[in-house]
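We did not get these values from a lab; they are worked out from the coordinates using the rules stated. Computed from a predicted model, the values in this text were never measured in an experiment. In this analysis, Cβ positions are derived from the backbone assuming ideal geometry, glycine residues included, and neighbour counts consider all displayed protein chains.
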Amino acid sequence: MDFGFSDEQGAIKETAREMLANRCPMVKVREAAESRSYPEDLWEEIVHLGWPGIAISEEHGGQGLGMVELVILCEELGYACAPTPFLSNAVAGLILAHAGSDDQRERWLSGVASGESRGASELTAPDESPVVADAAGAAFVVLSDGDAARLVEGDAAEIQPVELIDPTRSFARVLADGGEAVSGDVEGAIDRALVALAAELVGVAQRALDMAVDYAKDRQQFDRPIGAYQAVSHRCAEMLYETEEARSLTYYAAWCADAEPESLPMAASMAKARASDAAWRVTANALQVHGGIGFTWEHDLHFLLKRAKVGGRLLGDPRRHRDRVATLGGLG
């Protein structure tokens, strides 16, 4: 059985890695974090490439591809720690595509796919204080409503900015009355959102791993690269294991979403739990490999660590998803 990417998927990954390396170096991430604003030219390039519509049907203006292709993009955006509204827009699109009414899909999905009328969605677990990523400037926001959800237009909502520790992403509390019910398979849509978020965390982990390995090769102590010492090399090997296991679970969950949806609930929670743990552990270990320089504001590693910390809690922390896996497996 072939577990590799198709030619088209490989081309998507290569294009994304190359574009983000050129258009979103860490110096740009730092500028966005310090200004608490997104670079407009980066979003314009993402829109030009058609990424916002990659998993939206052609009927609604998208590319009509699947979750695997969306996950490829999310991993690369996580690797770049890209300051964009891509994830929130993608999650809103997934919710409408899988749980919205025909009228809601007809009205909003083409704007999500083109990136011209962005959506945003609540990204917290039910018992947590609700926050929405990238609500400012969104044409509509999907808010939790018990087991269902409701859609409110951006102009009808009160948006209260919230500063979390991740300065590379915009968060807010959204207050709004009324709106339209989104009463389809919201849980199935959120499962897909979990996979997209897990993919971003895998990308964060991979970038931190690469930074740590490069530093371990270059940094010399006692006339030897520090990577030659077991304390460092074993730590890097553990980071590789964490990242690869999270990646395998995430791509399996993406495959389930497209080909075996009955397996998606457990696969999505397994991926989110593992990727959340991996992103935090790998970024924390990368900091240890870097030593004192890794703790400074001037080093870029802390942007990844903060993205990992916040992303690990969005849509439920690892413990919540391990509990869900146990329940779905008949152990809870």
With Cα coordinates, the longest principal axis of the chain makes an angle with the long axis of helix 301-313, in degrees rounded to 10, of 40 degrees
For the chain, the Kirkwood Rh over every pair of distinct alpha carbons, in Å, works out to 20.0 Å
The helix 102-114 Cα axis meets the longest alpha-carbon principal axis of the chain at an angle in degrees, between 0 and 90 and rounded to 10, of 40 degrees
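Using the eigenvalues of the Cα gyration tensor, what equivalent ellipsoid semi-axes result for the range 127-226 when each is taken as the square root of five times the eigenvalue, whole Å, largest first?
Working: eigenvalues 330, 56, 19 Å².
Sorted largest first and rounded, they come to 41, 17, 10 Å.
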For the chain, longest principal axis from Cα atoms; helix 67-79 axis from its Cα atoms; angle between them, nearest 10 degrees, is 50 degrees
With the label point 7 Å along the Cα-to-beta-carbon line of residue 41 and a cut-off under 11 Å to each amide N, the hits in the range 63-106 are none
Check: C-alpha center the range 277-332 vs C-alpha center the range 38-59, spacing in Å is 27 Å
Each label sits 7 Å from Cα toward the beta-carbon; between residue 258 and residue 297 the label points are separated, in nm, by 4.4 nm
